[in-house]
C-alpha cells in the first residue's frame, strides 16, 4: 500500500493506492505542520484516524508533502512520528510546494507555482528541478552555526539535560566533591550567557509611553522587558533576517523599535 499525503497547517489529505495506482481509500486529518506542532500532537492526529491506524502496518511507501517541512529539524520530527506508526514503510518527506509542482507543471515546462492556503508559498520549477530562492534563510543558518552565543546556549541545554538524566551519585566523599566542583566550573562557564548584550536599542509605543508616565509599575515592566530583549541573541538574528529581506524600517544604526 502506498500513501500519498498533502498537508497544510489546517488540514491534511491522505490517499492510499495499490501497486497498480488504484485507490484503496482516501481520508482527511487535521493539519500536520511540524514547525508548529509537537511530536505528541502530530502522532495523536494520525492514530485517531480509523483508516490510517487500521492499515498502518500495510503501508510500504509514504510520500508526505507538507507545510513546515523545508527545515531539517521539523522534518526530522515528523519523520520520527511516521517511523513509530508506519513501521514497515519507506518514508519520503518534502515541502508542500513539491506536490503543487508535480500537480500543476509538466516536465520540461518552466513554471512559478504558488500555494494559497492558511499559509502561502511559491517555488520556481526550471522544468527539471525545484528551486526555493530564499537566500535569507541560508544566510541565517550560516550565521547561527558560527555564533558563539548560540553555541554556548546549545551546550548549556545539553549540559542541563545530561545533569537531569544523571541519577547516580558516588558514595565516595572525595569523588562526590570532585564531581560537584566540576559542575560548578561548568556552571561558571555558562554564566557568560547572562552577560550577552546584542547592542540593540528598544523603544516602546507612543501610547505605552503616555501610559507609563502615569504608571510606574508599567514603566518598570517595560524596562525589564527591554533588558531581557537586549540579552536575546535570536532577536538580533531576527533583525538580520529582516535586513536580508531589505525591509525599509531596518537601518544600519542597529536600532530596533517595537512597532504595532
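Tabulated data for the structure shown
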{"read-out": "Residue in segment 186-204 that is modelled with the lowest pLDDT, counting only those that are assigned to a loop (DSSP other than H, G, I, E, B) and surrounded by 14 or more Cβ atoms within 10 Å (Cβ to Cβ)", "value": "190"}
{"read-out": "Qualifying position, being more than 27 Å from residue 140 (Cβ to Cβ) and at pLDDT below 90, among 126, 18, 106", "value": "106"}
{"read-out": "Selected residue (only one of 173, 169 is at pLDDT below 80, farther than 30 Å from residue 99 by Cβ, out of contact with any strand residue (DSSP E or B) (no Cβ under 9 Å at 6 or more places or on another chain) and not assigned by TED's automatic domain parsing to the domain that holds residue 237)", "value": "169"}
{"read-out": "Residue check for residue 112: modelled with pLDDT of 80 or more and either over 30 Å from residue 30 (Cα atoms) or assigned to a helix (DSSP H, G or I) (or both)", "value": "no"}
{"read-out": "Some residue of segment 109-122 being more than 24 Å from the chain's Cα centre (by Cα), assigned by TED's automatic domain parsing to the domain that holds residue 9 and surrounded by 15 or more Cβ atoms within 10 Å (Cβ to Cβ)", "value": "yes"}
{"read-out": "Residue match in segment 217-230 (condition: within 16 Å of residue 149 (Cα to Cα), within 32 Å of the chain's Cα centre (by Cα) and outside any helix (DSSP H, G or I))", "value": "no"}
{"read-out": "Residue 143 more than 30 Å from residue 109 (Cα to Cα), in a helix (DSSP H, G or I) and over 28 Å from the mean Cα position of the chain (by Cα)", "value": "no"}
{"read-out": "Test for residue 36: is it surrounded by fewer than 20 Cβ atoms within 10 Å (Cβ to Cβ), modelled with pLDDT under 95 and either on the phi > 0 side of the Ramachandran plot or in the same structural domain as residue 97 (by TED's automatic domain parsing) (or both)", "value": "yes"}
{"read-out": "From the options 206, 142, 185, residue that is closer than 28 Å to residue 70 by Cα and free of Cβ contacts under 8 Å to residues at least 12 places away in the same chain", "value": "142"}
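Results for (1) in the same structural domain as residue 9 (by TED's automatic domain parsing); (2) out of contact with any helix residue (DSSP H, G or I) (no Cβ under 6 Å at 6 or more places or on another chain); (3) buried (at least 16 other Cβ atoms within 10 Å of the Cβ), shown as yes or no for each residue.
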site	(1), (2), (3)
40	yes, yes, no
57	yes, yes, no
60	yes, yes, no
68	yes, no, yes
73	yes, yes, no
80	yes, yes, no
99	yes, yes, yes
104	yes, yes, no
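The values are calculated or read from the model by the stated rules, or taken from the named source; none is laboratory data. Predicted model only: the values in this text are computed from it and were never measured. Using ideal geometry, Cβ is built from the backbone for each residue, glycine included, and neighbour counts are taken over all protein chains shown.
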